[in-house]
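Structure first, then comments.
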Amino acid sequence: MRRGELAERSGCNIETVRFYEKQGLLPAPPRTAGGHRDYAQEHLRRLTFIRRSRELGFTLGEVRGLLGLVDGGDWTCGEVRAMTLEHLGDVRRKIADLQKLAVILTEMAAQCDGGAVPECPIVDALLEAHER
């Protein structure tokens, strides 16, 4: 299949496919006699794996490590589990930060009556935070 079809079937765009090839995450496909790239089903599987891993927030380095296991590298399932648990900790910290942010934004919005006057407690609060 050609790059456009690979991109469409994997849910990525063409530039993303190029990027992952340049990063070495997606191996270059063989070329047809006419010089076109000829991606195989394995490229689609790998690209789908990369896309899904990225959607779950894994960094490119972490995806590279996960692919090491897939490629029969030196990674063990235990190492993948440890990486996943570390990533889970990061996700939980982000969730906690977002929950704190939601409380702050709720409090700021509650101070504003939405009137037409130029004074705004939300803008004032944002300016205060910047001036600290």
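In nm², what is the average projected area of the convex hull enclosing the Cα atoms of the stretch 41-92?
On the way: hull surface 13.9 nm².
With the hull built on Cα positions only, its mean projection is 3.5 nm².
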Rounded to two decimals, what is the ratio between the C-alpha radius of gyration of the stretch 63-112 and 2.2 N^0.38 Å? 1.89
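Would you mind ranking Leu44, Leu66 by Cβ crowding within 10 Å, fewest neighbours first? All intermediate terms of the calculation are to be shown ahead of the outcome.
Numbers: Leu44 16, Leu66 20.
With the sparsest Cβ surroundings first, the list reads Leu44, Leu66.
Using alpha carbons only, what's the Rg to Rh ratio of the stretch 1-71 with Rh from Kirkwood? Please list the in-between numbers first.
Numbers: Rg = 11.9 Å, Rh = 12.3 Å.
A ratio of 0.96.
Could you list Asp113, Asp90 so that the one with the fewest beta carbons within 10 Å of its beta carbon is first and the one with the most is last?
Working: Asp113 8, Asp90 11.
Ranking Asp113, Asp90 by Cβ neighbours within 10 Å, fewest first, gives Asp113, Asp90.
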Say a paramagnetic label sat at a point 7 Å from the Cα of Leu69, along Cα to Cβ; which residues of the stretch 88-125 have their backbone N under 19 Å from it? 88-92
Given the options Thr76, Gln41, Leu98, identify the residue whose Cα lies farthest towards the positive end of the charge dipole of the chain (+1 on Cβ of Lys, Arg; -1 on Cβ of Asp, Glu). Gln41
How long, wide and thick is the chain, going by the Cα atoms along their three principal axes, in whole angstroms, largest first? 70, 40, 24
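For the stretch 1-71, what is the relative contact order in percent, using Cα pairs closer than 8 Å and at least 6 residues apart in sequence? Don't jump to the answer; show the numbers that get you there.
Working: 56 pairs, mean separation 22.2, N = 71.
Dividing the mean separation by the residue count of the stretch 1-71 yields 31 percent.
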Counting pairs of alpha carbon atoms under 8 Å apart in space and at least six apart in sequence, what relative contact order in percent does the chain give? 15
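I'd like to compare 4-14, 100-110, 23-33: which one has the highest average count of other Cβ atoms within 10 Å, and what's the full order after that? Provide the component values of the computation, followed by the final result.
Values: 4-14: 15.7, 100-110: 11.1, 23-33: 12.9.
Put in order of decreasing packing, that is 4-14, 23-33, 100-110.
Read-outs: derived from the displayed coordinates by stated rules, not from any lab. Bear in mind the structure is a predicted one, so any value in this text is a computation, not a measurement. We place every Cβ from the backbone using ideal geometry, glycine too, and count neighbours over all the protein chains shown.
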